[in-house]
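*Asks:* If you scroll down you'll find the structure; I have some questions about it.
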Amino acid sequence: KFIDELKAKGMQVNEVDKEAFRKAVKPVWDRFEKEHPGWIELARSSQNN
């Protein structure tokens, strides 16, 4: 709703193809998980707090 109000006032909002982004960054996540085991779970748990 808030975004719609901003768009109505002329703000340009870029829509993201989330699935394409996930696919593009997966190799990076995989490499970091090998180099730093457990970091993905730590990052995800911090998002929930």
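*Asks:* Just to verify a result, which residue in the range 11-24, among those that are of a type outside the set (D, E, K, R) and surrounded by 10 or more Cβ atoms within 10 Å (Cβ to Cβ), is nearest to LYS1 (Cα to Cα)? Don't jump to the end; show me each part of the working.
*Replies:* Of the residues in the range 11-24, the ones of a type outside the set (D, E, K, R) are 11-14, 16, 20-21, 24.
Still in the running and surrounded by 10 or more Cβ atoms within 10 Å (Cβ to Cβ): 21, 24.
Working: PHE21: 24, ALA24: 29 Å.
Within the range 11-24, the match that is nearest to LYS1 (Cα to Cα) is PHE21.
*Asks:* While we're here: Given the criteria of a type in the set (A, V, I, L, M) and surrounded by 10 or more Cβ atoms within 10 Å (Cβ to Cβ), does ALA43 qualify? It would help to see each step written out before you state the result.
*Replies:* Values: of a type in the set (A, V, I, L, M): yes; surrounded by 10 or more Cβ atoms within 10 Å (Cβ to Cβ): yes.
For ALA43, the condition - of a type in the set (A, V, I, L, M) and surrounded by 10 or more Cβ atoms within 10 Å (Cβ to Cβ) - is met.
Values quoted throughout were computed directly from the atomic coordinates according to the rules given, and no laboratory measurement underlies them. A quick note: this is a predicted structure, and the numbers were derived from the prediction, not measured. Quick reminder, even Gly has a Cβ in these numbers, built from the backbone with ideal geometry, and neighbours come from all protein chains shown.
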